[in-house]
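The values are calculated or read from the model by the stated rules, or taken from the named source; none is laboratory data. All values derive from a computational prediction rather than experimental measurement. Cβ: placed from backbone, ideal geometry, glycine included. Neighbour counts: every protein chain shown.
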Amino acid sequence: MDNKHTICMEIAGPTAMWTRPDTGDCPVSYPAPTYSAVKGICESILWGPAVQVIPTRVAICAPLQYHNYQTNYGGPLRKSSIMATGGGFQLLATVLIDVCYRLYAKVIPVTRETKARLPEKANSWDKNTTAPGHAYQDIFNRRVKRGQCFCIPFLGWKEFGPSYFGPFRERTQVEASLNMTLPSMLREVFSDGYASESRFTFDQNVSIKNGVIEFLPRGDANA
């Protein structure tokens, strides 16, 4: 199987929010992007349903700084009575500021089950490509170097855009003094791949060692 193709990039920004689901309606951020957030950022550079982007590691490259954030929410999760009047409610959150991360992933072909759900155009590309992982890797690397993307990446919430995304910068240093264990960390919402139903999975006892999170293989994630 074509499983040796790796990709990496750096992303930084003034504000980030990697929401912990257990923190309710006043959400608090994880210290680093989740598995699914890393996958989403990579796919914002190059999206291709014929391959799987498998996040492997995140390096935290800035001190952890939490900040109180307030905004007026006007989305679909409001109560129906509030929506009927056009009103909103004030959302309080604890976010991260001045963040920087190095993201790592590998790229492999999709499974046979996922191929059955792919659109015709994606299957056609897959049939005409002898090494889809290698093709994705090459295109991804070109786009990262040029600052191109499929859609603008964001740092958790869409309003938190990056100040930089691209290749690793020489001045960036991993925060090697960071060591902690997260009792539980969201892994994925759509764990069965493209066009699948939602199925939340979590990783347990996630370690940040010397500023780095190593994501477990999928079989070690708990639903």
With criteria (1) in contact with an Asp or Glu (Cβ under 6 Å, 6 or more places away or on another chain); (2) more than 30 Å from P27 (Cα to Cα); (3) surrounded by 17 or more Cβ atoms within 10 Å (Cβ to Cβ), R187 comes up short on (2)
Of those in region 25-58 that are in a strand (DSSP E or B) and modelled with pLDDT of 95 or more, the residue nearest to the chain's Cα centre (by Cα) is P55
Given (1) out of contact with any Pro (no Cβ under 8 Å at 6 or more places or on another chain); (2) within 23 Å of G166 (Cβ to Cβ), C26 misses just (2)
When region 30-56 is checked residue by residue, the ones that are in contact with a Lys or Arg (Cβ under 6 Å, 6 or more places away or on another chain) and under 13 Å from V110 (Cβ atoms) are V53, I54
Item to complete: Within region 74-86, identify whether any single residue is touching a residue at least 40 places away in the same chain (Cβ under 8 Å), surrounded by fewer than 19 Cβ atoms within 10 Å (Cβ to Cβ) and of a type outside the set (D, E, K, R), and answer yes or no.
Response: no
Within region 59-114, restricting to residues that are part of a helix (DSSP H, G or I) and polar (S, T, N, Q), the one that is nearest to P153 (Cα to Cα) is T114
Restricted to region 206-223 and to residues being modelled with pLDDT of 95 or more and in a strand (DSSP E or B), the residue surrounded by the most Cβ atoms within 10 Å (Cβ to Cβ) is I213
Going through (1) touching a residue at least 24 places away in the same chain (Cβ under 8 Å); (2) under 30 Å from K4 (Cβ atoms); (3) among the hydrophobic types (A, V, I, L, M, F, W, C) one by one, A116 fails only at (1)
Being crowded, with 17+ Cβ neighbours inside 10 Å and touching a helix residue (DSSP H, G or I) at 6+ places or on another chain (Cβ under 9 Å) is the requirement here; does V95 meet it? no
Contact list, first residue from region 196-210 and closer than 22 Å to L178 by Cα, second anywhere and part of a loop (DSSP other than H, G, I, E, B) and among the charged types (D, E, K, R), beta-carbon distance below 9 Å, six or more apart or interchain, is N210/E175
T129 meets each of (1) at pLDDT 85 or above; (2) under 26 Å from S191 (Cα atoms); (3) β-branched (V, I, T) with one exception, condition (1)
Checked A59, A50, A32 against criteria (surrounded by 22 or more Cβ atoms within 10 Å (Cβ to Cβ), in contact with a Gly (Cβ under 7 Å, 6 or more places away or on another chain) and of a type in the set (A, V, I, L, M)); the one match is A59
